[in-house]
1. Could you give me the residue pairs with C-beta distances under 6 Å whose first residue belongs to segment A:83-100 and is without any contact (Cβ under 8 Å) to a residue 60 or more places away in the chain and under 13 Å from A:Gly204 (Cβ atoms), whose second residue is of a type in the set (Asp, Glu) and assigned to a helix (DSSP H, G or I) wherever it lies, and which are 6+ apart or on separate chains?
2. From the set of residues in segment B:152-187 that are among the polar types (S, T, N, Q) and assigned to a helix (DSSP H, G or I), which is nearest to the other protein chains (Cβ to nearest Cβ)?
3. For segment B:122-151, what are the residues that are more than 10 Å from chain A (Cβ to nearest Cβ) and of a type in the set (D, E, K, R)?
4. Name every residue in segment B:94-106 that is at pLDDT 90 or above and either within 20 Å of the chain's Cα centre (by Cα) or at the interface with another protein chain (Cβ under 7 Å from one of its Cβ atoms) (or both), in order of residue number.
5. Of the residues A:Val215, A:Val239, A:Val189, only one is away from chain B (no Cβ under 14 Å), buried (at least 24 other Cβ atoms within 10 Å of the Cβ) and in contact with a strand residue (DSSP E or B) (Cβ under 9 Å, 6 or more places away or on another chain); which?
6. Could you pull out the residue among A:Thr179, A:Thr184, A:Thr172 that is in contact (Cβ under 8 Å) with a residue 12 or more places away in the chain and surrounded by fewer than 18 Cβ atoms within 10 Å (Cβ to Cβ)?
7. Only one residue in B:Ile65, B:Ile7, B:Ile87 is touching a helix residue (DSSP H, G or I) at 6+ places or on another chain (Cβ under 7 Å), in contact (Cβ under 8 Å) with a residue 40 or more places away in the chain and more than 11 Å from chain A (Cβ to nearest Cβ). Which one?
8. Which of the helices (runs of 4 or more DSSP H) contained wholly in segment B:1-106 include at least 3 residues that are closer than 28 Å to A:Gln181 by Cα and among the β-branched types (Val, Ile, Thr)?
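The values are calculated or read from the model by the stated rules, or taken from the named source; none is laboratory data. This is a predicted model, so every value here is computed, not measured. All Cβ positions, glycine included, derive from the backbone under ideal geometry; neighbour counts span all protein chains shown.
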Amino acid sequence: MLLQQLINGLTVGCVYAVIALGYTMVYGILEFINFAHGEIYMLGAYFGIIFLALFTSSGLAASNFPLAFALTVLLTILFCSAYGFTIEKIAYRPLRKAPRLSPLISAIGISIFLQNYVMITQGATDKVFPQKFGDASFNFLGASATSLQLIIIFASGLMMLGLHLFIRKTRTGKAMRATAQDMTMASLVGINVDRIISVTFIIGAGLAAAAGVMVAAYYGLVNYSIGYVAGIKAFTAAVLGGIGNIPGAMLGGVVLGLIESLGSAYVSAEYKDVYAFIILLIILLIKPSGLLGTSVEEKV
Amino acid sequence: MLRLSEIHTSYGHIKALKGIDIEVMKGEIVCLIGSNGAGKSTALMTISGVLKPDCGKIEFNGQQIEGMDPHEIVGLGLSQVPEGRRIFPRLSVLENLEMGAFMNNSGLKEKIKHIFSLFPVLHERSNQPSGTLSGGEQQMLAIGRSLMANPKMLLLDEPSLGLAPIMVSKIFKTIKELNIEGCTILLVEQNARAALRLAHRAYVLESGIVKLHGTGEELLHNEGVRKAYLGE
């Protein structure tokens with residue numbers, strides 16, 4: 001029972017973590033909460049349904065489902081990254097030098113726009129994500145994990161590892177860290193800060209998109225409003241780990257998923273969505289910098 | 001090599017530069033002195049493209065650069081070491097140097113080797129987060145990082161600020177050596193005496209205008225400069 005809850009919690013937690021990365025990366029550089037980020041996740045779920053439907057009608061999903069699903073995820077990431085890039089360019093970049101509240105309001109506007117845009121074009125009712133992963137599950141120690149759960153955990157882990165390596169080892173990744181630490185100085189060493197910010201939004205949106213497809217496949221139902229709750233929870237995960245801190249967002253997501261799952265199993269399932277907000281309150285009261293939110297002491 | 005003509009820069013409604021003309025010839029060390037708030041750092045930030053001038057022209061190597069983005073100006077060979085050093089504290093020493101070469105990544109290893117030979121202490125600390133370095137070491141890193149871009153000209157903003165006297169003379173010695181190696185330098189300094197001794201020419205900035213200019217020697221003996229900036 002406990003192990004089962006841990007598996008379920010880890011699955012959801014990995015998804016929160018992947019979405020939380022987008023919040024925390026953008027916050028790290030622009031010190032701004034991109035409240036439209038949850039909507040990218042929602043768009044990801046819808047694009048997932050659309051592309052999978054295309055592959056189903058073309059016959060690929062029937063002959064080779066894993067390939068069709070992988071292509072669906074890739075195309076979804078591509079499309080949502082384009083959304084992320086465009087949103088930054090038209091809704092946030094013009095407000096770069098404006099008071100801090102302005103981009104925040106712009107983000108809320110984008111969020112409302114995207115929800116309504118999807119509601120109008122896709123309808124207000126739930127859409128069904130075709131369940132083709134089957135019931136194959138793997139048993140160990142009395143608990144079972146479905147193949148989809150394992151895929152989600154594995155793919156999330158891979159994405160987080162990939163991001164970690166990208167940020168640590170590549171030139172662009174290092175430039176992202178430099179930009180987060182001192183944007184003006186980054187431009188003075190020759191870093192094209194606008195390009196780095198675009199890359200940040202593209203990566204963040206791509207991760208949220210992947211999370212969107214995976215969750216859509218996991219829960220099976222998609223609605224234009226799912227971005228809101230997922231967004232708030234991923235935001236909580238980012239704050240829990242220390243906003244702006246990338247390993248923190250990963251840890252925060254997993255911890256949040258586990259707490260939700262254990263809380264639902266052992267306390268009450270009715271309060272499932274409340275745990276996240278209780279945690280947010282506790283963290284803000286006790287350790288506002290988050291679990292990993294301590295920085296190297298800086299000499300002036 | 002660098003010419004500012006009639007540059008006006010403001011922060012909102014506050015005019016920080018009210019029409020300054022500054023010229024730096026190839027191979028020179030030119031010094032900018034003035035009290036706090038005179039507009040020295042504003043001038044450097046305007047040259048680097050971080051601040052946009054309201055009007056006026058900036059020419060670098062015959063090319064108009066006002067209105068260009070900072071990274072484009074770095075690409076032309078004009079780098080700045082800003083006030084307060086501003087190293088990236090959570091990047092290692094090595095990563096800071098790599099970022100310095102962001103525009104021009106060729107020969108990275110040789111360039112890093114060259115910086116380490118200029119400042120051996122950076123070599124010892126190459127994998128340390130640079131926020132843990134002492135002030136003097138951070139200044140060396142900041143200068144080293146700017147040299148990674150192979151600049152033709154360097155803008156230095158208060159490189160001696162807050163450093164121990166022995167560090168100050170080391171930094172000034174380094175500036176002189178860089179100049180001899182062919183790097184043109186525009187230096188902003190509070191330490192006016194040392195700066196004027198080092199500089200070929202100097203400008204005195206007061207409330208956003210150029211009050212005086214002349215050779216370093218002339219200004220060292222100027223009555224007004226001696227009273228206001230040399231504490232005599």
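1. Correct list of pairs: empty, since none qualify.
2. So, considering only residues that are among the polar types (S, T, N, Q) and assigned to a helix (DSSP H, G or I), the one nearest to the other protein chains (Cβ to nearest Cβ) is B:Thr174.
3. Selection gives B:Glu124, B:Arg125.
4. Within segment B:94-106, B:Glu95, B:Asn96, B:Leu97, B:Glu98, B:Met99, B:Gly100, B:Ala101, B:Phe102 meet the criteria.
5. It is A:Val215.
6. One residue alone meets the criteria, A:Thr172.
7. B:Ile7
8. B:40-47
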